[in-house]
Amino acid sequence: MKVRPVIGGQTSSLHRHAGVFLGGPVTEAELKKRLDDAEKSPKQFAAAVLGLPEKTLRHKSSPDKWCILQILGHLADMEVLYAYRIRQMLADKDPVIAPIDQDAWAKSLGYLESSPPELVALYGLNRHANVGLLRRLKAEDLQKSARHPELDHRVTVADYVQMMSKHGPNHLEQIERLKKEAIGT
């Protein structure tokens, strides 16, 4: 099932795993909580996946869904994407975000040939760098934005903070379901 977040009265497949965009101001306490939550995510994934048998890592609930290895690769690559997009918003004049096809990335970028420790380490390193940058920002930086052509409106740094805080937990739930399914097969 694809969750399509409602954004500005429209639906979109953008970040179908990430939840909704904020669209409003964020308090300092909310920002700190979201960043703290985002920072915990790599350790939670390490605890959830390291040491799992190969069969479990490759189990799919259906042929068109991702397995745990693909989810880990997706997380690692999304952190690189978040890093680039956030930096565009902070530094570039009137940036436009380039959409991606996350399913094509999962099929084409060797996720299934990567080891779980490597993918978790990449996710953790890039998440750490992103959270570090976000913690150094001034409040006004959170409202810096870029135009997202798929959404036909602007998204802010604050939107990406929200997305980062929700992205990991959503995929962690997905992994826990896959682990239970794999045990039952």
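For the stretch 51-117, the equivalent ellipsoid built from the Cα gyration tensor has semi-axes of 30, 13, 8 Å, listed from largest to smallest. Going by neighbour counts of Cβ atoms within 10 Å, the residues 84, 111 line up, fewest first, as 84, 111.
What FRET efficiency do you get for residue 112 and residue 176 if R0 is 30 Å and r is their Cβ-Cβ distance, rounded to the nearest 0.05?
Details: r = 20 Å, r/R0 = 0.68.
With R0 = 30 Å, the Cβ-Cβ based efficiency is 0.90.
With neighbours defined as other Cβ atoms within 10 Å of a residue's Cβ, the residues 81, 50, 119 order from fewest to most as 50, 81, 119. In this structure the amide hydrogen of residue 154, modeled in the peptide plane, comes within under 5 Å of the amide hydrogens of 148, none closer than 5 places in sequence on its chain. In the structure shown, the pairs 40/60; 138/180; 107/166; 107/179; 144/166 are assessed against 31 Å; a Cα-Cα span above that value is assigned to 138/180.
Run lengths n ≥ 4 of DSSP H only: what is the helix-derived mean residue ellipticity at 222 nm for the chain, with -39500 (n - 2.57) per run over all residues, to the nearest 500? Computed mean residue ellipticity for the chain: -19500 deg cm²/dmol.
Values quoted throughout were computed directly from the atomic coordinates according to the rules given, and no laboratory measurement underlies them. Treat the numbers as computed from the prediction; the structure is a model and nothing was measured. Note: ideal-geometry Cβ built from the backbone for every residue, glycine included; neighbour counts use all protein chains shown.
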